[in-house]
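Derivation of every value follows stated rules applied to the coordinates shown; laboratory data play no part. Computed from a prediction, not measured in an experiment: that's the story for all the values here. All Cβ positions, glycine included, derive from the backbone under ideal geometry; neighbour counts span all protein chains shown.
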Amino acid sequence: MNKLIEAALAAREQAHAPFSHFKVGAALEDENGRIFSGCNVENATYGLTICAERVAVFKAISEGARKFVAIAVAADADELTPPCGACRQILWEFCGDVEVTLVNLRGKTETFGLKDIFPRPFDASFL
Ligand code: THU
């Protein structure tokens, strides 16, 4: 199993999901091979919940990483779980057309470019 997928699966174990019980892990790899992982962290007000993908991105940015090559997202679902709209926007802004790999606990995977699931994005080039 590749390192990034393993890191996403391990991060999922840390998920704080007492409301949805839907645990997600993400692992983001930068250009130097450093891996930054994250899990979803839910909140009693629901709306303040943050997804695993954004936790991974913000951890990476806060630790100085700037260029990214791939992200893996792990969840326990037969149908592989894609990033939500908010995460797609954040991923696009910080990572560009990064390679996205989805994985479940049974080892099913699918990989695509972020552009394929986030066409015609708004970003700083419009400002
Ligand atoms: N969630 C993620 O962390 N990433 C996704 O790609 C989809 C959804 C989380 C948010 C919330 O804690 C739970 O999954 C249910 O929506």
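At-a-glance table
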read-out: Exclusive hit being of a type in the set (F, W, Y) and within 14 Å of A7 (Cα to Cα), set F36, F122; value: F36
read-out: Number of positions in the range 64-115 that are within 16 Å of the ligand (Cβ to nearest atom), within 19 Å of E29 (Cα to Cα) and loosely packed, with under 14 Cβ neighbours inside 10 Å; value: 3
read-out: Matching option when the condition is assigned to a strand (DSSP E or B), touching a residue at least 24 places away in the same chain (Cβ under 8 Å) and hydrophobic (A, V, I, L, M, F, W, C), among F19, F36; value: F36
read-out: Members of the range 50-63 found to be under 13 Å from G25 (Cα atoms), of a type outside the set (D, E, K, R) and touching a residue at least 24 places away in the same chain (Cβ under 8 Å), listed by number; value: C51, A52, V55, A56, V57
